[in-house]
1. Which whole-Hz ³J(HN,Hα) couplings does the range 11-25 yield from phi under the Karplus relation 6.51 cos²θ - 1.76 cosθ + 1.60, θ = phi - 60°, glycine and proline marked x?
2. For the range 125-175, run through the trypsin sites (Lys or Arg not before Pro) and keep only the ones in DSSP coil with at most 13 other Cβ atoms within 10 Å of their Cβ.
3. Measure off, as a whole percent, the carbon and sulfur share of the 1.4 Å-probe accessible area of the range 12-54, all protein chains present.
4. Please work out whether the range 1-78 counts as rounded, prolate or oblate from its C-alpha gyration tensor, where a ≥ b ≥ c are the square roots of the eigenvalues and a/c under 1.5 means rounded, while otherwise a/b larger than b/c means prolate and anything else oblate?
5. Per 0.36 nm of contour for each residue apart, how much would the distance between Glu22 and Leu171 grow if the chain were fully extended, relative to their Cα-Cα spacing?
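The values are calculated or read from the model by the stated rules, or taken from the named source; none is laboratory data. Since this is a predicted model, take the numbers as computed values, not measurements. Cβ placement follows ideal geometry from the backbone for every residue including glycine, while neighbour counts extend to all protein chains displayed. Heads up: the accessible areas ignore ligands, DNA and RNA and are worked out on the full protein's heavy atoms, side chains in. Shrake-Rupley method; radii C 1.70, N 1.55, O 1.52, S 1.80 Å.
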Amino acid sequence: MAKKDAPPRWDRRMQQRLARGEAAALGECYDRFASLVHGLAHRVLGDEEAADGITREVFVHVWEHPESYDPKQGPLRSWIAMLTHRLAVQRLHAAGTAALAQGGQGTPEDLERRVRQASIAARADFIVTSMPVPLRAALERAYFQRRDYRQTAVDLDIEEEEARRRLRLGLQLLSTAHEAAPSGVPPEAGEAW
């Protein structure tokens with residue numbers, strides 16, 4: 001039996017391959033995580049072109065600094081999401097600061113509020129996409145299809161109590177999106193996201 005804190009084998013191997021400079025490893029990593037990276041960046045920035053830029057930056061960082069990922073801190077997916085979040089929030093913050101400096105509308109408080117809202121939204125998206133399929137399916141029915149727990153139970157062919165449990169757990173996980181760093185400041189590398 002593997003140790004509880006042992007990182008997934010794929011994550012360790014991927015980091016080793018990237019550290020050796022295997023271009024194929026970067027391709028595999030990109031294939032696996034590019035949609036996550038682009039989606040999170042787009043959610044924070046609200047701009048397709050900017051999200052493309054962040055996606056490039058993230059994978060350049062992964063390629064040039066594979067040692068900055070510590071498998072003991074969590075899965076590679078979480079590290080890449082954290083890196084994406086940090087870079088996107090920094091870009092949003094820089095763009096807002098530049099707009100304020102040029103006499104744009106808004107105040108520094110408005111900028112901080114926008115950064116905070118984008119950060120929470122991106123974290124919520126990541127939580128939902130990382131959720132086990134049964135929890136996500138229950139939440140999707142309740143939220144998007146406006147189903148109650150009884151209807152969700154029928155839709156998923158599960159007991160009502162199980163539907164309630166899934167919805168409750170899914171909502172508890174989602175509520176952690178508001179526990180992001182204060183004032184939109186993203187966590188540093190290695191911190192929990």
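1. My calculation for the range 11-25 gives 4, 4, 5, 4, 4, 4, 5, 5, 5, 7, x, 6, 4, 4, 5 Hz in order.
2. Working: sites: Arg136, Arg141, Arg146, Arg147, Arg150, Arg164, Arg165, Arg166, Arg168; in loops: Arg146, Arg147.
Those that pass, being in a loop and sparsely packed, are Arg146.
3. That share works out to 45 percent.
4. Cα axes put the range 1-78 in the prolate bin.
5. Taking Glu22 through Leu171 to full extension adds about 49.6 nm, to one decimal.
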